[in-house]
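Shown next, in structure tokens, is the structure this report addresses.
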Amino acid sequence: MQDSTIKEGKKLAIISYITFVGLIIAIIMNLEKRNQFTLFHIRQMFGLMIMLVFSNLVEQYVNSLLGTAFWIITFTGWVLAIYSAIKEQYKPIPVFGEKFQEWFKNIN
């Protein structure tokens, strides 16, 4: 991608990682520009939100320790993803990042 695309989308990419509200704000603000860097990070955060819901359900209904392990994995993915946005990189989170891009390609 072009450096100008990344520079323009960096702020919204970072905002997308600040809770669910930040994700919604980033989606709405990116509707007009359709910045590819921002869209990449929106898809990553959308997948992380699904992982967070899954880990909470596992913790509540299956096993507390297993749910906590899933939560730690999700949190680690979030840290790696926001670091990638700050460093202006298209770097998907390990294991699921590429799948998130594939599964949520309709988010644009």
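The values are calculated or read from the model by the stated rules, or taken from the named source; none is laboratory data. As the structure is a computational prediction, the values presented were derived from the model and not from experiment. Neighbour counts are summed over all protein chains in view; Cβ atoms, including those assigned to glycine, are modelled from backbone coordinates with ideal geometry.
Pick from region 53-108 the residues that are among the aliphatic types (A, V, I, L, M) and in contact (Cβ under 8 Å) with a residue 60 or more places away in the chain: which of them is nearest to Glu32 (Cα to Cα)?
Taking region 53-108 first, the residues among the aliphatic types (A, V, I, L, M) are 53, 57-58, 62, 65-66, 69, 72-73, 79-82, 85-86, 93, 95, 107.
Filter once more, keeping what is in contact (Cβ under 8 Å) with a residue 60 or more places away in the chain: 81-82, 85-86, 107.
On the way: Ala81: 24, Ile82: 23, Ala85: 20, Ile86: 22, Ile107: 13 Å.
My answer is Ile107.
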Give region 15-37 a look and list any residue that's over 17 Å from Glu88 (Cβ atoms), over 13 Å from the mean Cα position of the chain (by Cα) and surrounded by 15 or more Cβ atoms within 10 Å (Cβ to Cβ), or say none. Ile25, Met29
In region 1-81, which helices (runs of 4 or more DSSP H) lie fully inside it and hold 3 or more residues that are in contact with a Cys (Cβ under 8 Å, 6 or more places away or on another chain) and either β-branched (Val, Ile, Thr) or at pLDDT below 90 (or both)? none
Unmet criterion (only one of (1) at pLDDT 90 or above; (2) farther than 22 Å from Lys7 by Cβ; (3) surrounded by 13 or more Cβ atoms within 10 Å (Cβ to Cβ)) for Glu98: (3)
